[in-house]
Amino acid sequence: MKIFKFILCIAICEGVGIIAGIATSESVNTWYQSLNKPSFTPPNYIFAPVWSILYLLMGISLYLIWNEGLQRKNVKFTLYFFIFHLLINGLWSFVFFKWHLIFLAFITLLFLWNMILISFILFYRINKLAAFLLLPYLIWVMYASFLNYFIYKIN
């Protein structure tokens, strides 16, 4: 049962990444290439592996929380909150890459960053390792927020 839960948690998180990747793929070599970007923009080939690793860490973190037991109200609430946060995570790719709404994408990232921070706090109260596995994600989304903002400003 535990291995099934582990695989399911990783699949849920990586699945969000796959859906976001589909939304991204339509514009990454066309519309996105036409944008002015700040000098601190990483090359395109960096994004997929970074996000894959982040989704893996999220999946492990989700598993650690779920393993604490659904009979606990705080665990159940935290899991629901985290799943909702994953929807916002996936939404960003649609807002930015599919719909080309750069400023709204920035606002979405700010909202997402706050949701990750809240997730970190909720996870920390249940399982410290699960919380710390979210830190690279929190940092990356902060960086992505700056990048998104500067793309908005120079376009």
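The values are calculated or read from the model by the stated rules, or taken from the named source; none is laboratory data. In this text the structure is predicted, and so the values were computed from the model without any measurement. Please note: Cβ atoms are built from the backbone with ideal geometry, for glycine as well, and neighbour counts cover all protein chains shown.
In the stretch 125-154, which residues are over 18 Å from Thr108 (Cα atoms), surrounded by fewer than 17 Cβ atoms within 10 Å (Cβ to Cβ) and in contact with a helix residue (DSSP H, G or I) (Cβ under 9 Å, 6 or more places away or on another chain)?
Arg125, Leu129, Phe132, Leu135, Pro136
Restricting to the stretch 22-38, and then to whatever is touching a helix residue (DSSP H, G or I) at 6+ places or on another chain (Cβ under 7 Å) and outside any loop (DSSP other than H, G, I, E, B), can you tell me which residue is surrounded by the fewest Cβ atoms within 10 Å (Cβ to Cβ)?
Tyr32
Would you be able to say whether some residue in the stretch 41-52 is in contact with a Phe, Trp or Tyr (Cβ under 8 Å, 6 or more places away or on another chain), modelled with pLDDT of 95 or more and closer than 22 Å to Ile3 by Cβ?
No.
Can we say Thr41 is assigned to a loop (DSSP other than H, G, I, E, B) and touching a residue at least 24 places away in the same chain (Cβ under 8 Å)?
yes
Identify all residues within the stretch 58-73 that are on the phi < 0 side of the Ramachandran plot and among the small types (Gly, Ala, Ser); write none if there are none.
Gly59, Ser61
Hey, does the stretch 88-95 have a residue that's in contact with a helix residue (DSSP H, G or I) (Cβ under 8 Å, 6 or more places away or on another chain) and part of a loop (DSSP other than H, G, I, E, B)?
Within the stretch 88-95, not a single residue is in contact with a helix residue (DSSP H, G or I) (Cβ under 8 Å, 6 or more places away or on another chain) and part of a loop (DSSP other than H, G, I, E, B).
Right, Phe94: touching a residue at least 24 places away in the same chain (Cβ under 8 Å) and under 17 Å from the mean Cα position of the chain (by Cα) or not?
Yes; evaluated as a whole, the condition is true for this residue.
Could you list, in sequence order, all residues of the stretch 1-28 that are over 19 Å from Gly69 (Cβ atoms), among the aliphatic types (A, V, I, L, M) and touching a residue at least 12 places away in the same chain (Cβ under 8 Å)?
Ile10, Ala11, Val16, Ile19, Ala20, Ala23, Val28, listed by residue number.
Kindly indicate which of Leu79, Leu134, Leu86 is out of contact with any strand residue (DSSP E or B) (no Cβ under 7 Å at 6 or more places or on another chain), farther than 21 Å from Gly21 by Cβ and of a type in the set (A, V, I, L, M).
Just one listed residue meets the conditions, Leu79.
So the check is Cβ under 7 Å with 6+ separation or different chains; which pairs have a first residue in the stretch 107-136 that's at pLDDT 95 or above and in a helix (DSSP H, G or I) and a second one that's of a type in the set (Asp, Glu) and buried (at least 16 other Cβ atoms within 10 Å of the Cβ)?
These pairs meet every condition: Ile126/Glu68.
Tell me, yes or no, whether the stretch 47-57 has at least one residue that is in a helix (DSSP H, G or I), crowded, with 16+ Cβ neighbours inside 10 Å and polar (S, T, N, Q).
No; the residues of the stretch 47-57 include none that is in a helix (DSSP H, G or I), crowded, with 16+ Cβ neighbours inside 10 Å and polar (S, T, N, Q).
Among the numbered criteria (1) more than 16 Å from Ser145 (Cβ to Cβ); (2) surrounded by 19 or more Cβ atoms within 10 Å (Cβ to Cβ), which single criterion is violated by Gln71?
With (1) more than 16 Å from Ser145 (Cβ to Cβ); (2) surrounded by 19 or more Cβ atoms within 10 Å (Cβ to Cβ) applied to Gln71, the lone miss is (2).
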